[in-house]
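For reference, the structure discussed in these notes is given below.
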Amino acid sequence: MSAKQDDALNTRLSRVRVVLVSTSHPGNIGAVARAMKNMGLTQLVLVNPAEFPSGEARARASGATDILEQARVVTSMEAAVAGCAVVLGASARLRSIPWPSLDPRAAADKVLDVVESADAALVFGRENNGLSNDELDRCNYLVHIPANPDYSSLNIAAATQVLVYELRMSLLEQAGRRDNRFHSDQPRATADELERLYKHLQQTLTELDFLKPSAPRQIMRRLRRLFGRAELDRMEINILRGILSAIQSRSRGEKTEESER
């Protein structure tokens, strides 16, 4: 690999965040940092860790203490994935509503789609019960590692190593090869822009009596799945929100610019 290709690889890897949600054992944070450094990733974001900084984390990092020193600690997953164009949540369990699910290699391809110009996030949940449904709702895709069904439990560091290895291999395979995939002329919509769309959509559908205010979750989860599959860009988000605003104005009996002409 040429120096130019190596720089391009490092730039892309620098745009991938590893997000750990409510990690209870500080040693796992250090082990994840080591797995990240092995594969060239640098962005570690911790959501409400039980203990950090920690001597145990530093010991388990085994030389990857620079990853720990620059790690960000935030109080919500929303803050952790803000600005990311694609969010992938590691999940070992199936959901009652089918959700786009990828194996690690397919997940790496989704990351490749955006890291030319935007951040992506790989999100890992609690050691004992993973990510909550609300947290999974904030993911565009779920990533499932096809481990031995008789013993499928992986610790967080092992799961991280599998995903970041596949990511690095996909980037290496792509190096120097022309990419013929479709590229929008607009930046990919970020996680926080999508959240604003979903809130606007829920508000509009509630005003139209399409959603019951007391129980909107099942329909909204299906709509999240639909729009997550569409991989919207920023202009498309603006168009959709403009349509929702026009619907709200009409349902409230307000005059729009169009109706005044």
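The values are calculated or read from the model by the stated rules, or taken from the named source; none is laboratory data. Remember, predicted model here, so these are calculated numbers, not experimental data. For neighbour counting, all protein chains shown are included, and Cβ atoms are generated from backbone atoms with ideal geometry for every residue, glycine included. The accessibility values were calculated without ligands, DNA or RNA, using every heavy atom of the protein model including side chains. Shrake-Rupley method; radii C 1.70, N 1.55, O 1.52, S 1.80 Å.
Descriptive notes on the structure:
- The numbered conditions (1) open to solvent by 50 Å² or more (accessible area, probe 1.4 Å); (2) within 20 Å of Ala118 (Cα to Cα) are all true for Ala59 except (2).
- Residue in the stretch 116-127 that is at pLDDT 95 or above and of a type in the set (Val, Ile, Thr) present: yes
Residues checked against (1) part of a helix (DSSP H, G or I); (2) under 22 Å from Arg222 (Cα atoms):
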{"site": "Leu68", "(1), (2)": "yes, no"}
{"site": "Glu78", "(1), (2)": "yes, yes"}
{"site": "Val86", "(1), (2)": "no, yes"}
{"site": "Ala107", "(1), (2)": "yes, yes"}
{"site": "Lys110", "(1), (2)": "yes, yes"}
{"site": "Ser117", "(1), (2)": "no, no"}
{"site": "Leu122", "(1), (2)": "no, yes"}
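- Number of the condition not met by Thr23 [criteria: (1) in a loop (DSSP other than H, G, I, E, B); (2) open to solvent by 10 Å² or more (accessible area, probe 1.4 Å)]: (2)
- Enumeration of residues in the stretch 124-151 that are farther than 14 Å from Leu46 by Cα, in a strand (DSSP E or B) and not small (Gly, Ala, Ser): Tyr141, Leu142, Val143
- Any hit, the stretch 42-52, residues being acidic (Asp, Glu), more than 21 Å from Asp119 (Cβ to Cβ) and under 24 Å from the mean Cα position of the chain (by Cα): yes
- Subset of the stretch 1-20 (residues that are assigned to a loop (DSSP other than H, G, I, E, B) and in contact with a helix residue (DSSP H, G or I) (Cβ under 8 Å, 6 or more places away or on another chain)): Met1
- The residue list Ala33, Ala64 contains one member that is in contact with a Ser or Thr (Cβ under 8 Å, 6 or more places away or on another chain) and in contact (Cβ under 8 Å) with a residue 12 or more places away in the chain, which is Ala33.
- Selection from the stretch 204-221 of residues that are loosely packed, with under 13 Cβ neighbours inside 10 Å and either assigned to a helix (DSSP H, G or I) or free of Cβ contacts under 8 Å to residues at least 12 places away in the same chain (or both): Asp209, Phe210, Lys212, Pro213, Ser214, Ala215, Gln218
- Of all residues in the stretch 26-52 being touching a helix residue (DSSP H, G or I) at 6+ places or on another chain (Cβ under 7 Å), open to solvent by 20 Å² or more (accessible area, probe 1.4 Å) and of a type outside the set (S, T, N, Q), the one that is nearest to Gly125 (Cα to Cα): Pro49
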